[in-house]
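Asker: Following this message is one structure expressed as structure tokens.
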Amino acid sequence: MYRRLASVMLATLIMLTFAVGGPAAAASEESNGADAKLGSVVWPKSQALPSFAKVKRLDVADVFDAPGDDKLVLSTLQGIVNRKQPRIYLIESDEEGKYTWLDDLDVPYTVHEDYWDIVKKYKNEVKGIIVYDPAVPDSINVATTLAGLKDAVAASPEYAEKLSAEPYKLRVLEDLRGKFHDRLDAYTWQFENLWNQTTHRMLIGLSPDKQIRIPPGLPESFRVIAEEPTQERGAANRQVYELDLTEFLGEESVYLRFDDAFPQDGWGPAVHEVTVEADGQTIAHFIAGTPEEEPFLYDRNNSQVSSGSGGHRFADNGRYFVYKFTPPEGTQRLVAHVDMWNQFKVSAGNKQPLNSEQKEPYGFLRDYAVANRAMVFWLESNVAEERALFERILSAVEPGTPYLGWFSNDVAGEFTGVEITSKYGVYVLAADWFSNMTVFSGSKLTAPAPKIKAKAPKLENKIYVTYVYSEGDNLQYNQHRMRVLWDDPNRGKVPINWTSNPLLYDAAPAFLNYYFRTATPNDQIIAGPSGAGYFYPNVWPDSSFASYLKKTYPYLQKTGMTIPYVLNRIDGANVPLSDVKANAYKDKYHAPGLFLSWEDRYGVEVLEGGMPVSIVRGISTVQDGKNVLEAAKANWDGQSPLFVSLGILAWSMTPTDILELNNSLGAEFETVRADQYFELVRKANGLRP
């Protein structure tokens with residue numbers, strides 16, 4: 001999205017149960033049967049996700065800046081302890097405020113300055129330690145799976161020694177060192193040996209480790225030396241730029257960093273070729289993405305390589321990349337010649353910065369995996385052997401099973417991953433950065449969904465605009481970024497459609513309580529892609545699609561998210577909804593209309609069967625929105641209503657930005673909520689309300 005926007009019996013079973021069990025006969029009834037119960041966790045067959053016991057009191061650990069191995073121990077401990085009763089809460093993010101959601105729970109809590117006191121307090125509820133192999137990082141995920149099965153904590157060899165001694169005195173239950181050769185070996189062994197012991201009602205996709213946290217801003221000694229002042233997107237500024245690095249001489253090396261000058265719109269620096277000369281002699285020359293680049297690429301930080309324009313490396317939004325050049329001793333002049341374009345911000349320094357490619361374990365969703373005895377894995381869907389294992393796992397669960405977590409390889413991984421899961425009728429819940437789900441799943445919905453239906457204005461020859469926030473399928477977005485946006489003081493001054501996830505009804509009712517309680521008449525919460533979960537409808541098998549929508553429709557009703565925003569891709573490309581899938585949305589979700597896709601165009605189409613579909617035109621800046629709406633006005637004949645749904649990129653635009661955009665519109669425009677929008681669309685097209 002950022003750059004070019006990652007049998008009859010079976011059908012009958014889907015209608016009777018909600019992904020209640022896998023095919024493995026040896027799987028226990030506790031893990032896989034209908035109405036499963038694990039500790040105090042209950043999971044009725046009609047429920048998408050399990051419910052935990054009521055939260056009464058919490059022991060809190062601030063692990064935001066803690067070493068990754070501390071987070072691994074504490075998150076797996078949290079899963080074991082909270083399975084019985086939610087009692088441990090970990091502060092792992094500060095985006096929305098460290099205590100924001102914790103205080104909203106309105107329960108007593110104690111913050112422990114030394115979080116190892118929490119380990120001491122609950123050590124008797126743990127049966128031992130699973131030791132991961134640092135040489136095979138994916139063994140962290142296997143250790144997490146085993147921790148859930150054996151009521152243990154997962155730990156590094158070093159931490160296992162600490163936990164084996166006083167005052168913890170835990171014993172090692174399994175040591176994974178030397179057991180696996182690589183990622184594929186680890187997950188193949190796990191599937192063949194542990195699958196029949198884990199729940200088959202959910203799958204967990206987590207990276208075994210993550211980049212260390214890099215402080216925001218430029219590193220010490222770095223200074224901006226070149227920056228594109230305009231939001232160039234079409235390479236009109238492409239040329240070879242000469243960058244004088246002489247002032248940074250004096251230390252062993254000089255570092256050259258490339259950032260996105262306008263991170264909100266996703267068209268960052270594109271670098272094709274680099275030549276570096278020390279006193280006129282070439283010390284580095286390469287084309288990005290080739291083997292010759294590697295010796296100089298200090299930190300790639302999730303930048304990507306494209307074969308276009310002769311080959312180039314690019315970094316959009318908050319990504320960047322850094323080159324390292326070591327000139328000969330005594331060099332007097334150092335110059336870099338860089339063939340680059342688009343929105344570049346180039347800085348240089350001579351102090352070695354932190355490297356984001358350094359990895360460490362982390363917690364987040366691991367507590368939930370451990371508590372539910374779920375299998376945890378991380379397979380690359382664009383690598384043939386790993387994809388084959390991924391599909392073996394997906395074929396072992398029933399349609400309607402959730403895959404919580406995410407995919408590797410950024411946007412390409414998302415597109416391929418969601419297409420593969422959809423092929424097996426498995427829906428995705430982005431949750432790899434979700435904290436404390438074992439706590440929030442123990443909250444209860446106390447605030448009713450807003451039920452006031454906005455009355456549509458009289459249909460006139462106007463341009464009707466509706467704003468649709470992206471990302472709502474993403475559970476961690478609901479926890480972090482959405483809370484920040486929602487608390488913008490200008491929210492409520494303009495009609496906004498907030499995509500969210502109806503399955504928060506199970507996963508985090510406390511979030512819904514806050515959003516429902518504080519919503520204004522201008523806030524409409526709708527279902528994020530593509531209803532109850534993220535999936536591509538055209539890829540989902542016809543045999544189970546309608547029954548899945550029917551089964552999950554109560555979630556849309558209970559949360560008031562009765563208008564869905566749908567993403568529908570095949571081979572990474574947006575495609576129209578098939579008639580079969582559109583009719584399923586009409587008949588099973590009873591939707592008055594659908595928002596579809598994220599495109600560089602807008603438009604409304606009424607499909608066969610009478611389902612209005614509004615193409616979402618994505619924007620990432622206020623100026624983008626002004627340009628789109630000015631063009632719409634210029635091309636409009638004024639003889640009939642025109643409907644425009646604008647997709648608001650949640651990572652770059654706030655309600656204050658939307659207000660600025662809205663205030664720039666003339667009298668020929670009218671802004672409405674989603675329910676009003678589709679009521680007007682239906683009226684304009686002669687459809688029944």
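The values are calculated or read from the model by the stated rules, or taken from the named source; none is laboratory data. These figures come from a predicted structure and were not determined experimentally. Heads up, the Cβs are rebuilt from the backbone with ideal geometry, glycines too, and the neighbour counts pull from every protein chain shown. Each accessible area value is taken on the protein alone, full model and side chains, heavy atoms only, with ligands, DNA and RNA left out. Shrake-Rupley method; radii C 1.70, N 1.55, O 1.52, S 1.80 Å.
Asker: Taking θ as phi - 60°, what are the ³J(HN,Hα) couplings along the range 336-348 by the Karplus curve (6.51, -1.76, 1.60), each to the nearest whole Hz, with x for Gly and Pro?
Answerer: Once θ is set to phi - 60°, the couplings for the range 336-348 become 10, 10, 10, 7, 8, 7, 6, 8, 8, 9, 10, 10, 9 Hz.
Asker: Restricting to DSSP loop positions (anything but H, G, I, E, B) with no more than 14 other Cβ atoms inside 10 Å of their own Cβ, which trypsin sites (Lys or Arg not before Pro) remain in the range 324-391?
Answerer: R333, K351
Asker: Kindly provide the Kirkwood hydrodynamic radius of the range 389-522 in Å, to one decimal, from all pairs of distinct alpha carbon atoms.
Answerer: About 17.1 Å for the range 389-522.
Asker: I've got another one for you. Any idea what the alpha-carbon Rg over 2.2 N^0.38 Å comes to for the range 317-433?
Answerer: So the range 317-433 has a normalised radius of gyration of 1.57.
Asker: Holding the Cα-Cα limit at 29 Å, pick out from K462/K493; K359/K423; K45/K444; K98/K455; K45/K455; K56/K127 the pairs that are longer than that.
Answerer: With Cα atoms farther than 29 Å apart: K359/K423; K98/K455; K45/K455.
Asker: Mind giving me the nanometre distance, one decimal, between the label points for W636 and K45, set 7 Å out from Cα along Cα→Cβ?
Answerer: With each label placed 7 Å out from Cα toward Cβ, I get 5.3 nm.
Asker: Contour minus end-to-end for S395 and S307, with contour as 0.36 nm per residue of separation and end-to-end as the Cα-Cα distance?
Answerer: Gain on stretching S395 to S307: 28.2 nm.
Asker: Turning to a different aspect of this structure: For V172, enumerate residues with amide H under 5 Å from its amide H, sequence gap 5+ or separate chain, H modeled in the peptide plane.
Answerer: Residues meeting the criterion, in which the H sits 1.01 Å from N, are I129.
Asker: Assuming a viscosity of 1.002 mPa s and a temperature of 20 °C, what translational diffusion coefficient in µm² per second does Stokes-Einstein assign to the range 88-178, Rh being the Kirkwood radius over Cα pairs?
Answerer: The Stokes-Einstein estimate is 145 µm²/s.
Asker: Same structure, new question: I'm checking a number: the convex hull volume of the Cα atoms of the range 193-330, normalised per residue, in Å³. What is it?
Answerer: 196 Å³
Asker: What are the extents of the Cα atoms of the range 532-658 along their three principal axes, listed from largest to smallest and rounded to whole Å?
Answerer: Here the Cα extents, ordered largest to smallest, are 45, 34, 32 Å.
Asker: How much of the calculated P(r) for the range 589-639 lies past 13 Å, in percent of all Cα pairs?
Answerer: Here the tail beyond 13 Å accounts for 65 percent of pairs.
Asker: Same structure, new question: On each of the three principal axes of the Cα atoms of the range 551-607, give max minus min coordinate, whole Å, ordered largest first.
Answerer: 33, 23, 21
Asker: At 1.4 Å probe size, with every protein chain present, just tell me what the per residue accessible area of the chain comes to in Å².
Answerer: Per-residue value: 38 Å².
Asker: Could you give the semi-axes, largest first, of the ellipsoid that matches the chain, computed as the square roots of 5 times the alpha carbon gyration tensor eigenvalues and rounded to whole Å?
Answerer: Square roots of five times the eigenvalues give 38, 38, 23 Å.
Asker: Which order do the peptides 667-675, 222-230, 200-208 come out in when sorted by mean C-beta neighbours inside 10 angstrom, highest first?
Answerer: Put in order of decreasing packing, that is 200-208, 667-675, 222-230.
Asker: Scan around W341 for amide H atoms under 5 Å from its own, H built in the peptide plane at 1.01 Å from N, and keep only partners 5 or more places away or cross-chain.
Answerer: Those lying under 5 Å, H to H, from W341 are A270.
Asker: Here's another thing I want to ask about it. Which log10 I(q)/I(0) values does the range 630-681 give at q = 0.18, 0.19, 0.26, 0.31 Å⁻¹ under the Debye formula, counting every alpha carbon as one identical point scatterer?
Answerer: So the normalised log intensities are -0.73, -0.80, -1.26, -1.33.
Asker: Another one. Check which residues have an amide H placed less than 5 Å from N490's amide H, if you skip close sequence neighbours.
Answerer: T656
Asker: On a straight-distance basis, which lysines could pair with K345 in a cross-link, Cα separation under 24 angstrom, same-chain partners fewer than 8 positions away excluded?
Answerer: K324
Asker: Hey, another quick one. Counting helices only, and only those DSSP H runs with n ≥ 4, report the 222 nm mean residue ellipticity of the chain as the sum of -39,500 (n - 2.57) divided by its residues, in deg cm²/dmol to the nearest 500.
Answerer: -8000 deg cm²/dmol
Asker: Next up: If you plug each phi of the range 561-572 into the Karplus form 6.51 cos²θ - 1.76 cosθ + 1.60 with θ = phi - 60°, what whole-Hz ³J(HN,Hα) values come out, in order, with x for Gly and Pro?
Answerer: With coefficients 6.51, -1.76 and 1.60, one gets 8, 8, 10, x, 9, 10, 10, 9, 10, 9, 6, x Hz.
Asker: Here's something else I'd like to know. Considering all projection directions equally, how large on average is the shadow of the alpha-carbon convex hull of the range 158-259, in square nanometres?
Answerer: 15.1 nm²
Asker: Report the Cα centroid-to-centroid distance between the range 641-689 and the range 54-106 in angstrom, as an integer.
Answerer: 39 Å
Asker: In whole Hz, with x marking every Gly and Pro, tabulate ³J(HN,Hα) for the range 177-189 from phi via Karplus 6.51 cos²θ - 1.76 cosθ + 1.60, θ = phi - 60°.
Answerer: These are the phi-based 3J(HN,Hα) values: 4, x, 7, 10, 7, 6, 4, 4, 4, 5, 7, 5, 4 Hz.
Asker: Between Rg and the Kirkwood Rh of the range 466-553, both from Cα atoms, what is the Rg to Rh ratio?
Answerer: So for the range 466-553, dividing Rg by the Kirkwood Rh gives 1.02.
Asker: D for the range 239-279, whole µm²/s, Stokes-Einstein with Kirkwood Rh over alpha-carbon pairs at 4 °C and 1.567 mPa s: what number?
Answerer: Result for D is 102 µm²/s.
Asker: Under 18 Å Cα-Cα from K120, which lysines qualify once same-chain neighbours fewer than 8 residues away are excluded?
Answerer: Straight-distance partners of K120: K71, K84, K162, K169.
Asker: Ok, one more. Expressed as a whole percentage, what fraction of the accessible surface of the chain belongs to carbon and sulfur atoms when a 1.4 Å probe is rolled over the protein heavy atoms?
Answerer: 48 percent
Asker: Can you report the principal axis dimensions of the range 585-685 using only the alpha carbons, biggest first, rounded to whole angstrom?
Answerer: 38, 35, 21
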